[in-house]
């Protein structure tokens, strides 16, 4: 595929491929194509999800060994009504909340990241799969969403709000600075209870 611009994001870990992509896309004209090359396996889910949340068009993605290549087309700018602000709390606030009893906590990192250690009771719902679980996410109680650094959790919260959920609370900065308990015990996600 022919690209108008290229972005080399090799060697960068989440959230940097998205941060660099966002910056590069801001400099493109409507309809131009950006080729993004990464070595962050999570980019195969993160970049398409980012495109969906921003209105840019994800054209294709491929993996060759440890290298991922993505093609993204700059969207035609439209006036979009804001969905509302997502409430954000700190890691420390979440830790205090967890001491009062169980909560619904969605960890939107990739399965490998989740398996490597997560907050006890957190449900693994990778960013690219958030829409598939919307029906299972309760509407009547707070739902906390976190990732590694806050970028994917913001995209997940935006997606949930666009799909009618107003009870969403984003946790930032997320697992990169989490000092509370961590487990590697896996939970079933389907029921969210």
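So here's what we get for this one:
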read-out: Matching residues in the stretch 94-108 - criterion: being over 11 Å from residue 180 (Cα atoms) and in contact with a strand residue (DSSP E or B) (Cβ under 8 Å, 6 or more places away or on another chain); value: 97, 103, 104, 105, 106, 107, 108
read-out: Subset of the stretch 28-53 [in contact (Cβ under 8 Å) with a residue 24 or more places away in the chain and assigned to a helix (DSSP H, G or I)]; value: 43, 44, 45, 46, 47, 48, 49, 50, 52, 53
read-out: Number of the exception - residue 63 against (1) within 30 Å of residue 164 (Cα to Cα); (2) surrounded by fewer than 19 Cβ atoms within 10 Å (Cβ to Cβ); value: (1)
read-out: So residue 61, is it at pLDDT 90 or above and within 26 Å of residue 107 (Cα to Cα); value: yes
read-out: Of residues in the stretch 133-149 being in a loop (DSSP other than H, G, I, E, B) and either outside the structural domain of residue 166 (by TED's automatic domain parsing) or within 22 Å of residue 175 (Cβ to Cβ) (or both), the one modelled with the lowest pLDDT; value: 137
read-out: In the stretch 106-122, residue surrounded by the fewest Cβ atoms within 10 Å (Cβ to Cβ) [restricted to those that are closer than 21 Å to residue 95 by Cα and under 14 Å from the mean Cα position of the chain (by Cα)]; value: 113
read-out: Of the criteria (1) assigned to a loop (DSSP other than H, G, I, E, B); (2) touching a helix residue (DSSP H, G or I) at 6+ places or on another chain (Cβ under 8 Å), which one residue 130 fails; value: (1)
read-out: Some residue of the stretch 156-164 being farther than 14 Å from residue 94 by Cα, assigned to a loop (DSSP other than H, G, I, E, B) and either touching a strand residue (DSSP E or B) at 6+ places or on another chain (Cβ under 7 Å) or without any contact (Cβ under 8 Å) to a residue 40 or more places away in the chain (or both); value: yes
read-out: Test result for residue 42, farther than 17 Å from residue 147 by Cβ, touching a helix residue (DSSP H, G or I) at 6+ places or on another chain (Cβ under 8 Å), surrounded by 15 or more Cβ atoms within 10 Å (Cβ to Cβ) and not assigned by TED's automatic domain parsing to the domain that holds residue 171; value: no
read-out: Residues within the stretch 54-75 that are within 16 Å of residue 8 (Cα to Cα) and either in a strand (DSSP E or B) or under 19 Å from the mean Cα position of the chain (by Cα) (or both), tallied; value: 10
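The values are calculated or read from the model by the stated rules, or taken from the named source; none is laboratory data. Everything quoted here is computed from the prediction, not taken from an experiment. FYI the Cβ positions are ideal-geometry reconstructions off the backbone, even for glycines, and counts take in every protein chain you see.
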